[in-house]
Amino acid sequence: MKLYCLSNDPNKPCHILTFREITMMLDCGLSMQSLLNFLPLSFVPSNKLMNLPNWMPSDTTDPDLEGELKENGDRVFVDSPPEFCPPLDKLIDFSRVDVILISNYLCMMALPFITEGTGFKGRVYATEPTLQIGRLLLEELVVYIEQCPKSSFASQWKNFVHKCPYPLNESFKPKSWRQIYNMKDVNASLSRIQMVGYNEKIDVYGALQVIPASSGLCLGSANWVISTEHEKVVYLSGSSTLTTHPRPMDHQSLKNADVLIMTDLTQTPISNPDSMLGVLCVVVGLTLRGGGNVLIPCYPTGVVYDLFECLSGKMAELGVSNCPMFFVSPVADISLAYSNILAEWLSSVKQNKVYVPDEPFPHAMLVKNNKLKHFKHIYSDGFSTDFQEPCVVFCGHPSLRYGDVVQFIELWGNNPRNCIVFTEPDFDYIEALAPYQPLQIKVAHCAIDTSLNFTQANKLIKDLKPKTLVVPECYTQPPVSAPNLTELVIGTHAESSVIPYKWGEVINLPLKRKQGQVYFEPNVAQKIIPVEVKPGISLSTVTGTLNVKDNVHNIQDFSSESKTDKLVKYEWGTLNITEFMQKLSQEGVTDGKVESLGGVVVIHLQDEDALIQLEDNSTHVVCNADENLRTKIRNIVMQCLKKF
């Protein structure tokens, strides 16, 4: 079993797991840290951003670089449509991927990069909320970028990145960055997804069984249990043990795995989500009472549902409930509607409200009472009529590089009574604000990340008792922000060996197939006569035809004709390559080229367009469905083996 790490960000994971000749992709997260190197996209031209001075390396006069880089303060930005860092495509051919398992809607943003234009023909599995809400996130991303087209695309700067100031000079592999996909690719990739329910058993080509188990992080989020008759692998992605709106985490199905792959732990290991929520409510209340507006950059789903609930209650307590809340996103209306109809994916408290009848989320009542108003854009019909200050505005994108948030910073950024509150943990808020500086607006950092923290993760590992634990290397060292807090690591566990991995690495996991399941036809089973060779151990030879289809092994009785006409022989031993090539030549196959790679011999038959792969315990023949050639090669192999 091998694990490939294709993502440089453990919170936007993408892995390849190969086992029993199946190639599985575990999540396809899209790293968006590259966005912070670009200037914001504004659909209303910004004088400030347009008039930033050009920047050039002091020893460079390349005319092609002219105008690509802009300077603001001590920061340099790329003036171009933003680019993203997709999963690494050099380690594995995506057309070879058989199955993609998606844990949650935040870990599928790279799906169009993987399934479209790569020759991918496999299956994709996700829960219904992951598919439907993931669709909203993908659509919002494409709309935001396409609504602000740039006249030119900058690429020359990538050749001079080493001469740029920090942090641009530390950009992660900028030549691999790509522009965003379009809606055609989004729809094509989503059409490949097969929806599954929690604890549903899914057969993967007869070789494996995969089961999604609730992870407690967000609507429809899942951990994946990958098993055979004798092995069990658990993939634990974004998970939470906190009590919020999703279905609670399912611990039981994750226990006693041979291998546990753990990723996507909290991005805010030092702060507590509850205390951050408390600070957020106080900041919003004080700002509104002072006559200021509150801007909350957010995704159109997830934690934002809980923010509506908590803030509406706190605003009522502080006497500012007359201040409206605005939710602005191209998918705001659909997001609010979906959250109230996905009852089976909610916590039991939220589920029970559905049967009262009552909406599981209070935002439905807030919308009815005009306390929460939602619009696709700030230029949508009715927005200017309904807009009143002071107010709270939720809008995207948390990177501050595109979306309606760009206009609100222009509108409110120079008033110190206003406040921008960062609740999403994905981006460094100082870097997010850098292209807009200087600003007078107050800034509050209240990042709310309900994912497992290190204490919870270590406790969970102790409870699950995996034989082998596989984690990103960065989880075995204290975070850069708190190097002295040595408890903020995944520690050693008595019952588990720990294997760390990093980006671009391929690691061998200590799980080898030792047993397999074989089905006997009744006629064959009746002829088995066990002979005791040691106390408690009996042996018997078995005569029959081994039929392997879709990784299911069946031993069938010989046909009546072969019973009478054929003397049964058992082949054994290793293949003599010289003898094999001679017999091939006698059968008219003379163009074989032999290569030896380690313990594997590969014979390429060029004219027949076939490959023969000889290993110690197996022979593989690849010949484009030419059954006559396959049979001929099989017979020659059998002739070269010893018999009894």
TRP224 is checked against (1) open to solvent by less than 10 Å² (accessible area, probe 1.4 Å); (2) among the aromatic types (Phe, Trp, Tyr); (3) touching an Asp or Glu at 6+ places or on another chain (Cβ under 8 Å) and fails just one. What number does that condition carry? (3)
Residue tally, condition part of a loop (DSSP other than H, G, I, E, B) and aromatic (Phe, Trp, Tyr), over the stretch 31-59: 2
For the stretch 160-175, enumerate the residues that are assigned to a helix (DSSP H, G or I) and open to solvent by less than 70 Å² (accessible area, probe 1.4 Å). PHE160, VAL161, LEU168, ASN169, PRO174
Can you report the number of residues in the stretch 177-199 which are farther than 17 Å from PHE94 by Cα, open to solvent by 80 Å² or more (accessible area, probe 1.4 Å) and either over 18 Å from the mean Cα position of the chain (by Cα) or in contact (Cβ under 8 Å) with a residue 40 or more places away in the chain (or both)? 5
Expected single match for in the same structural domain as ILE114 (by TED's automatic domain parsing) and aliphatic (A, V, I, L, M) among MET25, MET50, MET56 is MET25
Can you pull out every residue in the stretch 89-118 that is under 21 Å from ILE180 (Cα atoms) and either of a type in the set (Asp, Glu) or assigned to a loop (DSSP other than H, G, I, E, B) (or both)? ASP89, LYS90, ASP93, ILE102, ASN104, MET108, MET109, ALA110, GLU116, GLY117, THR118
Only residues in the stretch 39-65 that are without any contact (Cβ under 8 Å) to a residue 40 or more places away in the chain count as the first member; pair them with residues that are outside any helix (DSSP H, G or I) and open to solvent by 100 Å² or more (accessible area, probe 1.4 Å), Cβ under 9 angstrom, at least 6 apart or cross-chain, and list the lot. ASN54/GLU66; MET56/GLU66
LEU141 closer than 26 Å to ALA434 by Cα and either buried (at least 21 other Cβ atoms within 10 Å of the Cβ) or in contact with a Pro (Cβ under 7 Å, 6 or more places away or on another chain) (or both): yes
Any residue in the stretch 207-223 that is modelled with pLDDT of 90 or more, more than 24 Å from PRO10 (Cα to Cα), among the hydrophobic types (A, V, I, L, M, F, W, C) and assigned by TED's automatic domain parsing to the domain that holds LEU141? yes
Single match in VAL304, VAL294 (criterion: within 23 Å of CYS218 (Cα to Cα), out of contact with any His (no Cβ under 7 Å at 6 or more places or on another chain), surrounded by 22 or more Cβ atoms within 10 Å (Cβ to Cβ) and not assigned by TED's automatic domain parsing to the domain that holds PRO246): VAL304
Do you know which of the residues in the stretch 405-433 that are surrounded by 17 or more Cβ atoms within 10 Å (Cβ to Cβ) and either in contact with a Gly (Cβ under 7 Å, 6 or more places away or on another chain) or hydroxyl-bearing (Ser, Thr, Tyr) (or both) is farthest from PHE383 (Cα to Cα)? TYR429
Which numbered condition THR243 fails, given (1) in contact with a strand residue (DSSP E or B) (Cβ under 7 Å, 6 or more places away or on another chain); (2) open to solvent by 10 Å² or more (accessible area, probe 1.4 Å); (3) among the β-branched types (Val, Ile, Thr); (4) farther than 29 Å from PRO45 by Cβ: (1)
Residues that are touching an Asp or Glu at 6+ places or on another chain (Cβ under 7 Å), more than 23 Å from ILE430 (Cα to Cα) and open to solvent by 10 Å² or more (accessible area, probe 1.4 Å): does the stretch 100-122 have at least one? yes
Filter the stretch 50-87 for residues that are open to solvent by 30 Å² or more (accessible area, probe 1.4 Å) and closer than 30 Å to PRO10 by Cβ; the one that is modelled with the highest pLDDT is ARG75
Quick one: ILE226 ticks every box in (1) over 30 Å from GLN517 (Cα atoms); (2) touching a residue at least 60 places away in the same chain (Cβ under 8 Å); (3) of a type in the set (A, V, I, L, M, F, W, C) bar one, so which box is it? (1)
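The values are calculated or read from the model by the stated rules, or taken from the named source; none is laboratory data. Everything numeric in this text was worked out from a predicted model, so none of it was measured. Please note: Cβ atoms are built from the backbone with ideal geometry, for glycine as well, and neighbour counts cover all protein chains shown. The area values use the complete protein model at the heavy-atom level, side chains included, leaving out ligands, DNA and RNA. Shrake-Rupley method; radii C 1.70, N 1.55, O 1.52, S 1.80 Å.
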